[in-house]
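These notes concern the structure reproduced below.
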Amino acid sequence: MLETFDAARVKSAGATALSDALEQGRIVYFPESPVALPTPGDAAFLREELPALLKRKNVSYYPDAQRLVGLASEGAHAERTHHILREHSQRVTEFLTRAMPLFVKDWSVGTSSFRPLQEKGRRLEAHASNELIHVDAGAYGATHGDRILRFFINLHPTEERRWATRGTFEALYSQYGATAGVAPEPGVERSLHPGLAGRLYSGMLQGASRLGVRMARVVDTSPYDRLMRRFHNFMKDTPEFQASRDGYQEFGFPPASAWMVLTDGVSHACLSGQYALVDTFLIRLSSCRHAQSAPYHLLRRAPTAAPTRAAA
C-alpha cells in the first residue's frame, strides 16, 4: 500500500512513475520531503503563534482568489500566513508539474492548508472526524469523477503523523457497495453523467468554493458525487466497518516527511498528529492512464469480483 520514493528514486523516475503508483492505489511516500519546507522561523510561527488566531480548525489559502480563510483577524499575522502558504502552494505545484506533467495537465489547483490541531481525541461528529476511515467525497463540491489528489507534509518537529487504511476504493466497493446502497443491480451499467442544469450549478458552486465560500464545498450536485458521499457516510456511520481489521494497515510519517495519495481512491484515517501542511488538487479523469480503475467507472457497474487487497 505504501510505495517509497527516496530522493534518488524521485530523480530517476519517469514522467508516469509517480502517477501510476497513485492510480494503482498506493500512498506515495517521501522519507524526505521533495518540496522545501517553510523556513525554521516560519514553521515556528505556524506551530506556536497561529493556533491562537484561528476561527476555524484549519487556515487555508485559495490560490485562484489569492485569499486566506480561517483566521479570526487581519493584520501582520494574516499577511505573514498568506505569504507562507502562498509560497508553499507554489513549491508543491511546481514539484508536481515537474514530476507528473501528463497527470496534472488541465488540473485544478486547490487549497494549501495548515492543520495545527492534534487529530487524536477531538471527539468530533462522525462526518467531520479524520480519525474514522473513509474515502474523500464532496469536500470541494461536485468533481464529476475527477480525482482528488492530496499532498501532505508533517511539520511537527518531533512526532510522527499516524495514518490507517482499509485498502482501496475498489476493494471496499467490492465488499460493501451493495450494503452501502451505492451499487447498481447486477448486469446494469448506469449513467453517472449529470444533466446540463446540474453541471451549470456545479460550476457555479466550484467558482464560489475558489473564493472561499465554505458551504459551496460540501454540496453534491452530480449522480457520481452523491454516490461517493453516500459511501463516505456509510463508512463513517457504520461501527462494524470501523471496528473491522480486514485489510487494515497503519503507517507512521516522521517529521519533515511527505506523502501523497488519491484520497477518493484509497481509504484513510488520521489517527494522530499535529501540524501538517495539506495541498489539494483535482486531477482530470481524462488525464488518468488507468481510468477504468477509478471510482467513477467502478460505480457505473455492480461489483463482480471478490474483495482485493492492495499489496503492502
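Among residues belonging to segment 96-128 that are in a helix (DSSP H, G or I) and more than 30 Å from residue 241 (Cβ to Cβ), point out the one that is least open to solvent (accessible area, probe 1.4 Å). Among residues in segment 96-128 that are in a helix (DSSP H, G or I) and more than 30 Å from residue 241 (Cβ to Cβ), the one least open to solvent (accessible area, probe 1.4 Å) is 96. Checking each residue in segment 38-95 for being of a type in the set (Lys, Arg), surrounded by 14 or more Cβ atoms within 10 Å (Cβ to Cβ) and assigned to a loop (DSSP other than H, G, I, E, B) picks out only 57. Screening segment 163-187 for residues that are at negative phi, outside any helix (DSSP H, G or I) and small (Gly, Ala, Ser) and picking the one that is least open to solvent (accessible area, probe 1.4 Å) gives 164. Of all residues in segment 45-67, those satisfying the criterion of being touching a strand residue (DSSP E or B) at 6+ places or on another chain (Cβ under 8 Å), closer than 21 Å to residue 109 by Cβ and touching a residue at least 24 places away in the same chain (Cβ under 8 Å) are 46, 58, 59, 60, 61, 62, 63, 64, 67.
The residue pairs whose first member lies in segment 263-275 and is closer than 13 Å to residue 132 by Cα, whose second member is of a type in the set (A, V, I, L, M, F, W, C) and part of a loop (DSSP other than H, G, I, E, B), and whose beta carbons are closer than 7 Å, counting only pairs six or more residues apart or on different chains, are 267/133; 267/135; 268/133; 269/132; 269/133. Once segment 219-272 is narrowed to residues that are under 19 Å from residue 141 (Cβ atoms) and assigned to a loop (DSSP other than H, G, I, E, B), the residue that is nearest to the chain's Cα centre (by Cα) is 263.
The values are calculated or read from the model by the stated rules, or taken from the named source; none is laboratory data. Predicted model, so just to flag it, every value in this text is computed and none were measured. Please note: Cβ atoms are built from the backbone with ideal geometry, for glycine as well, and neighbour counts cover all protein chains shown. Heavy atoms of the whole protein, side chains included, go into the accessibility calculation; ligands, DNA and RNA do not. Shrake-Rupley method; radii C 1.70, N 1.55, O 1.52, S 1.80 Å.
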